[in-house]
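The values are calculated or read from the model by the stated rules, or taken from the named source; none is laboratory data. Since the structure is predicted, the reported quantities are computational estimates derived from the model, not experimental observations. As a convention, Cβ positions derive from the backbone with ideal geometry for all residues, glycine included, and neighbour counts pool all protein chains shown. Areas reflect the complete protein model, heavy atoms only, side chains present, ligands, DNA and RNA absent. Shrake-Rupley method; radii C 1.70, N 1.55, O 1.52, S 1.80 Å.
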Amino acid sequence: MPTAVPAASSDEMASVRAQLERVLAADLFRTAPTLARLLRYLVERYVANAAAPPKEYGIGVDVFGRGAGFDPRTDTIVRAEARRLRARLTRYYRTTGAGDPFCIRVPSGHYRVEVLPRAAVGRAGSDPPAMAPRVEAPATYSAFRAKPGAVPAPRLPLLGRAREQSELDALLTARQGPRLITLTGTGGSGKTRLAIEAGLHARRRRTARVYYVRLAGVPNAAIFQLAMLRVFGLSAADNAPPIETVCRHLSGARHPVLLILDNFEHLPAAALVGAMLDASIHLRILVTSRTALHLYGEREYRVVPLAVPAGDATVSELRATPAVQLFVQRAATVRPGFALTRANAAAIAETCRRLDGLPLGIELAAAQCRTLSPAELARQLPGHLDMRADNVADVPDRQRTLRDAIDWSHQLLGTAEQILFRRLAVFAGGFTLEAAKWVGDAPGDLRMDVEAGVARLHGHSLLYVTTPDLEQRYGMLSTVRTYALERLAASADGDTPRRAHAAFCLHLAEAGARCATDDLRTAWLARCDRERDNFQMALDGLIARADAQRALLLVGALCPYWERGHVATAHRSIQAVLQRFPPDAAPAPWARVSCLGGALEQRLGDASAARALFLRALATARACGDPAVEAMARTGMAASNPAGRAINRRRSRAKGS
């Protein structure tokens, strides 16, 4: 008989629903709507924690539309379709779903579903005991595991993490150090590898008994408790929750214990971790997760990507850069003799920068060197989310591509958080909380506090924080932003956040005209420096959407900023909007920008181009009745011809005397 499983939390049920959607999206079920309808019905009853499994009669009426006179004894549709469903699920988990984190199963002879860790499913779809108290080792190490809980032996040395190793060792060995340390970071940043190294160091020092548990295949808190039993070699006690047995065992420990919990982010089991810590002063727990556990006494340690080379780095400097070292090391495993040279240095450096220094991305890119040169690889980087390491068979599916790694994090978000995540991707070069509020809920449909949502995205390592002197800013790694922009393009609200982003940039640019003091002006100029990428993104979008009014207003508002050291940007932007839009598209803003363009051409020494712009500005200003711009144009025209310049010089000398 299957063992009883405690009622799962809402987060666990969300994971079950996500698994259901993965199954139903597969071709095997998209082409079988009747089976898909039956599976959804059974899973929804499981999620609702129905007191009893559905009866054959109820399924016939609710799922297959049989009338009140349905008699299961003569009409066997439910039994026949249930058999087909079991067979189809078996096929799915042998093929498309072979790498899913856990399985949905309909036991033979029953009309209910069970949820099992993927590793517990037997060969050829055999029926394992439901919720079996077994958690397999990662495929990479499973053939060589000596016993449950052993730290896996790394196959290649860890590069570029000397500082992190030293800091982590200090935290784990300090007598008054934290007893719960959580390594957080973006998917693919190397949290697992760093935790394994920390475990190996502790084992070599013989300062603690070290246990390692991989949790990626554990679907809920119930299975987590059973995994803890197994790792400590315990058996479940009658009439007692497994966690009580584990805590009782830990309370008797007389020596230090280090427990490494790898890939914890999807589990709503933080309270169980807290219970284990409370049971023994000798226990320390090292967790890897994309989000913190938020327990009292927790020390969060952010694992950032590897350092990437500067744009002007020399070959010798590249050799000392961790991201480049990792690339060369991994490339040499697929192409013997591969080395960093003057010929390939620029391409390798560009690849590492484009991949944000993420170890997973660098390893996937280096694997392409089997068939591509570094230069060819760099040219193919626009598709870097889908690069695969097909030469390595024993890595988790969620790390097959960068898309898989980011998608794992994305699936852990709530619906509103997913919407906010993709909307914030419109920012280039980072954003403030004020900007996030302006753009994140522009349509008013988010139904969540944007500030709390930003904090959640940061907690899930999908945003990073920069802290200049004046304000805190958030940003996305370019790899994460590429993924989010794809999500935005595929969504129904794709253009709304872009328009809100442009409106915010225009609001910020126009604030310069309202600066009443030198201090306010200085602060505005500094803010513009930080928002340069956003201004350019907004202007490009306005031009692409043919929004003449806002594009011209934005250029006009930014000219006072651009004239202080960004003349080339001003010249390029003014030319872009004046060439893209005719004067009648937005006459008053067009005339003003044309005047500003004329003044800039004068500054650059092109009097004829300046006069042409002033003439067009004058004609447009007259037509739309804008006397202020008309006066600007007349003054500019006078200054743009030799006689006018001579008169102006005489006037200046007269005023000076």
If you line up the long axis of helix 627-640 against the longest principal axis of the chain, both from Cα atoms, how many degrees apart are they, to the nearest 10? 70
Please report the relative contact order for the chain, taking Cα pairs under 8 Å with a sequence separation of at least 6, and give it as a percent rounded to a whole number. 8
Give the peptides 14-21, 423-430 in descending order of average Cβ contacts within 10 Å, highest first. 423-430, 14-21
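Are there GluC sites (Glu not before Pro) in segment 457-560 that DSSP marks as loop and that have at most 13 other Cβ atoms within 10 Å, and which are they? Write down the numbers at each step before the final one.
Working: sites: GLU471, GLU486, GLU510, GLU531; in loops: GLU471, GLU531.
Here the GluC sites (Glu not before Pro) that fit, given the DSSP loop and packing criteria, are GLU471.
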What full-extension length gain, to one decimal in nm, is calculated for ALA490 and ALA343 as 0.36 nm per residue of separation minus the Cα-Cα distance? 49.0 nm
So, counting K/R as plus one and D/E as minus one, what does the shell of residues with Cβ under 10 Å around LEU600 add up to? -2
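Considering Cα pairs under 8 angstrom that are at least six residues apart, work out the relative contact order of segment 63-115 and quote it in whole percent.
Numbers: 24 pairs, mean separation 12.0, N = 53.
Taking the mean separation of contacting Cα pairs over the length of segment 63-115, I get 23 percent.
What number, in nm² with one decimal, is the all-direction average of the projected area of the convex hull of the alpha-carbon atoms of the chain?
40.2
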Working out 0.36 nm times the residue gap between ARG17 and ALA310, then minus their Cα-Cα distance, what length gain in nm do you get to one decimal? 101.0 nm
Virtual spin-label span in nm between GLU510 and ASP62, 7 Å along Cα→Cβ: 5.6
Just to be sure I understand the model, the point goes 7 Å from the Cα along the line to the Cβ. What's the resulting ALA526 to THR95 distance in nm? 6.2
If I histogram all Cα-Cα distances within segment 431-561 using bins 10 Å wide from 0, what percent of pairs lands in each bin? 11, 39, 37, 13, 0
At 1.4 Å probe radius, can you tell me the per residue accessible area of the chain in Å²? 47
Cα-based Rg / Dmax (Å) for segment 214-286: 11.6, 32
Where nothing but the Cβ of Lys and Arg (+1) and of Asp and Glu (-1) is charged, how large is the charge dipole of the chain around its Cα centre, in debye to the nearest 20? 1180
Excluding ligands, DNA and RNA, the carbon-plus-sulfur percentage of the accessible area of the chain with a 1.4 Å probe reads 53
Order of 88-100, 66-78 by packing, highest average Cβ count within 10 Å first? 88-100, 66-78
Identify, among GLY297, THR321, LEU596, the residue whose Cα sits farthest towards the positive end of the charge dipole of the chain, taking +1 on the Cβ of Lys and Arg and -1 on the Cβ of Asp and Glu, with the dipole about the Cα centre. THR321
What is the packing order of peptides 494-506, 591-603, taking the mean over residues of other C-beta atoms within 10 Å and listing the highest first? 591-603, 494-506
In whole angstrom, the spacing between the Cα centers of segment 156-174 and segment 33-86 equals 55
